[in-house]
Structure formats: C-alpha cells, structure tokens
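Q: Starting off with a structure, shown below.
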Amino acid sequence: MDTGLRAAELPWLIQGGMGVGVSGWRLARAVARGGQLGVVSGTALDTLLIRGLQSGDPGGHLRRALDAFPVRETAETIRRRYFVEGGIGATERFAPTPRLTADEGCPAQLLTVVGNFCEVWLAKQGHAGPVGVNYLEKIQLATMPAMFGAMLAGVDYVLVGAGVPAQIPRAATLLSELRPVATSVDVEGDERPAFLRFDPASVLRGAPVPAPRRPRVLAIVSLPVLAAYLCRDPETRPDGFVVEGPRAGGHSAPPRGALRLDEHGNPVYGPRDIADFAKMTALGLPFWIAGGRCGPTQLAQARAVGAAGVQVGSAFALCRESGLDPRLRGELIHRGLNRSLTVRNDPAASPTSFPFKVADLPGTLADPTVRNARHRVCDLGYLRTAYRKERGDIGYRCPAEPTAAYIRKGGTAEQAEGRQCLCNGLLAAIGLGQRRGGDRVEPPILTLGQNLDFLHELASHGGTYPADTVVRWLSTGLVDA
C-alpha cells in the first residue's frame, strides 16, 4: 500500500460523498478540477443509471459513459433495456432495479459494476484532479462489484464509512490484480457470516482489459480506537482516515455508552465521543477531519493538530452542481439563512440503526403528515440485511419494509417503529422518486450537517453558489506547515 505520501501530495479538501446522487459526477468533477478530492456517492448508482436512461438521458452523458465501458456487449444490453428516447411519461413507473444477493454470479452485480463505472468515468473527464467514491459498509452486498466498477473507471480514492471497513484494503488490492474476492456478510442474530464471492472475470467475459490501478482507501471513523484497530493488521490497514464528528450530515456513529436523548430527541454525545487528534497523528497515516468543519478557521485548526485537511459536505450539498432537486435546495438555503431550518439527529429514522440527520422541511418525510400517509414499501432494498431462515438458508429483511412482512421474517414491531425508507426518499430528493400511480410520487427525505453557518458566507445574497466558490473560500484558511 502507498501510505508514505508527503503532505504536499495530499488534497487539503475532501468533498463529502453525500446521499444518493447528491454528490454526483458534476459536483465531484467541479471540485477535482480545482485540484481537490471530488467524491461521488457510490450508493444506488445502478438505479441512478437506469432511471437516468429511462428519463431520456438529457445531454447524452450516460450513453457516452456506456460507450467507454470496456465490455461493449454489456453496455449495449443495458442501453437497449433501459434507454427511452425523450423519457418515459410523467406518471409512468420506473422499471425495477434488480436486487443484489450474496449468491455467486448474482445478475444484479453487473448493473452495479456498470453504474459505478459510469459515474466515476464522467467525474474524471476534462481534468487531471483526483476523484473518489464513497461507500457505506452497511451495504455489504454492493461494495465489491461497485468498487470494481469504479476502479475500471480509474477512481483514485475509495472512502468507506457507516461500519468497520476492515475488508476493503485487501479487497482493493485483489481487485486491482483482477483476482476473485470473497468477503463476509453479516447475518443478523447469527455469529456465522454469509460469504459473497465476486470474480472480475464474470464481468470482463474475456475482454482484454488491463488490470486497474489500486485506489487509496480511506476509512471513515469517529474515534482513534477504531483507526488503531484497523492499523493492527496490514490486510485491514487503510491508506488514511476521515475522522467524522457527530455533527456531520447523513449517518453518524452512535454515542458511546447508554443512549440518552436531549429535549429535541437528539442523541447526547459526551467527552468519550470527542476524537483525540494526537492519537490519530501517532498512527502515522494521513487523516482529514469532518463534521462541522466548514470554514477557513476550521481548516487552519485541523492542519494545526496534524490533519492533512478537512472533509466538507453540507456546503457542497447546497451548491449549484449538487444533485439535489433545485426547488428543495432553494428552500433549504432560504430556511438556513433565516435560521428557521432544524436538522435533527434522528436515532430511529435509518434502517441501519445508526443515527441519521434529517432536515425538517415541510412536504418531506420529516413532516409527520407526509410520513404517516406513505405506504411502506421496500422495492429497492439497499439497506436490507441478511438473516438466516429456519431451513438455514439466507433471507433478507429491512425494518423500513411493511411491518407485517418484517415480523414474518423474524423482526419485531419495535425494531420497525419510526424507520424511514431512505432508499426511496433519497432518490426522491434528487428528482428520481418512484411514481406510484396517478400523481403520487415517493416523498423525499433530506439530510444535512447540523452546522449551517457557512450559508451566511456563501449564500448571503439568498441564491445558489458554485462549488469553486466553496473551495476558494476554504482555501483562505491554508497556513504554511
């Protein structure tokens, strides 16, 4: 592994890999053009690909990326299956996305590979800056084919959070050698894991493709104790870390110890949840600080305690190039500027059991009326987890699916209480929500960090701002080492 990088060779800024399609290729490309690490979200890129094609692929970008995929027959099959000239009708349903399983040769793996290839390939066009992809450890069924697709497109960094990414460094090495990878998949209520085997040969089908370059792996952690654990073994040691505090958007680590909630229902974090950056520095690997670190002063402070720089999410989520629906983005900016926007750290919303930041915006799943009116359905299943059936084979369940179905699979009503379908809600936030008949469309769910002070610097005029404005503003906090 290449861990001996000099500080001058590292980006001082990582753009966060947010949501489903919020950190899309346009945003990552804009940041990378400025020489900093632009990151695409690697979640649900198979669905983004096929829904983009069904929407008519405005500008032809997805078809250009498909043309670059190294296995022509595969790309043509996907194009013929999903591309609709001019787009499907406004009330037509999107075609279903094939679901991933732990079965070897699962057909959904191929679409996952191609979706990740397309997103990263588009992000890397027209510049020489670094591009990364962000994955959730909780979505174990997708990670290996997704990472291989990103590597075929030349991804420079792989960032993994929402869990313990111990299997990723070795897997990245094996995939860079075009060797099969076998990874364990957690099985709820069973100490015996399932195993997922992914073979690059099943994707390449004999095509003469050179072995891809191994990307650098950054583990997203909350505390040095997890970072130290990963560093103990060369096979689990990443190339660096992002140390993410509890105010960051999306999922965050739960507090250590017994869960306590404040008067607003947010988990209470204490001194044990504050990272010791001296311990991070002592590990000898580069790290970046995230979670409420948006500002020149915060960048300077991060570098002063030994960090290579910062990871910033929310300021980019609200910029012009992000994938957020423009209407929702405008409303978030407006409410953020007049300080009428609340971002709750909801311990129950996510099916993952990790606390999840939810922006309280009317008309979204944060609104109890909207949330209660939604019919529970699980037709994407990215956050499903494996469980062992009575016969010993593997099944899949999600606490956000219909409660009766979840209980039939061994779950409980208490586990399902309050869970939101992030898969459908986050797709709706970028304008790709499933149509449910008539004028019914899946309602969105929005996530941001809990520190929005940056808006008064970047959007004081009340309008949108480009990504390069964020980069220039933050760069004023650079200090000589």
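Rule-based calculations on the coordinates, nothing more; no lab input. Bear in mind the structure is a predicted one, so any value in this text is a computation, not a measurement. Methodologically, a virtual Cβ is constructed for each residue, glycine included, from the backbone with ideal geometry; neighbour enumeration extends over all protein chains shown.
Q: If you take the Cα atoms of the range 336-392, find Rg, then find the Kirkwood Rh from the mean of 1/r over all pairs, what is Rg/Rh?
A: Here the Rg-to-Rh quotient is 1.12.
Q: Over the range 201-334, with a single point scatterer placed on each C-alpha, what log10 of the ratio I(q)/I(0) does the Debye formula yield at q = 0.16, 0.19, 0.20, 0.22 1/Å?
A: Listed by q, the Debye log ratios stand at -0.96, -1.13, -1.18, -1.28.
Q: Still on this model: Can you give me the long-range amide H partners of R320? Hydrogens built in the peptide plane at 1.01 Å from N, cutoff under 5 Å, separation of 5 or more residues or another chain.
A: The answer is Y465, A467.
Q: How would you rank K409, K138, going from fewest to most other Cβ atoms within 10 Å of each one's own Cβ?
A: K409, K138
Q: Using the Karplus curve 6.51 cos²θ - 1.76 cosθ + 1.60 with θ = phi - 60°, work out ³J(HN,Hα) for each residue of the range 311-323 in order, rounded to whole Hz, and write x for Gly and Pro.
A: 10, 10, x, 4, 4, 7, 4, 9, 7, 4, 8, 5, x
Q: When R436, R391, R205, R335 are ordered from fewest to most other Cβ atoms inside 10 Å of their Cβ, what list results?
A: Lowest count first: R391, R205, R436, R335.
Q: Provide the convex hull volume over Cα atoms per residue for the chain, in Å³.
A: Per-residue hull volume (Cα only) is 146 Å³.
Q: Give the separation of the Cα centroids, the range 319-364 to the range 75-147, in Å.
A: 25 Å
Q: If R0 is 30 Å, what FRET efficiency do you get for T281 and R472 from their C-beta distance, rounded to 0.05?
A: The formula returns an efficiency of 0.60 here.
Q: Where in the chain lies the longest segment free of GluC sites (Glu not before Pro) that are both loop residues by DSSP (not H, G, I, E, B) and have at most 14 other Cβ atoms within 10 Å?
A: 264-389
Q: Kindly state, as a whole number, the per residue volume in cubic angstrom of the convex hull around the alpha carbon atoms of the range 435-474. Walk me through the numbers before you get to the answer.
A: On the way: hull volume 4.7 nm³, N = 40.
Dividing the Cα hull volume of the range 435-474 by its residues yields 118 Å³.
Q: Can you pull the Kirkwood radius for the range 134-286, inverse mean 1/r over Cα pairs, to one decimal in Å?
A: So the Kirkwood estimate lands at 17.0 Å.
Q: If you look for lysine pairs in the chain that are eight or more places apart or on different chains, how many of them have Cα atoms under 26 Å apart?
A: Going through the chain pair by pair, I get 4.
Q: Within 10 Å of each residue's Cβ, count the other Cβ atoms and sort H251, H461 from fewest upward. Let's see the in-between values first.
A: On the way: H251 23, H461 8.
Ranking H251, H461 by Cβ neighbours within 10 Å, fewest first, gives H461, H251.
Q: Going by Cα centres, the range 411-428 and the range 28-47 are how many Å apart?
A: 27 Å
Q: Rounded to the nearest 500, what is the 222 nm mean residue ellipticity of the chain from helices alone, with -39500 (n - 2.57) per DSSP H run of 4+ residues and division by all residues?
A: The helix contribution divided over the chain gives -9000 deg cm²/dmol.
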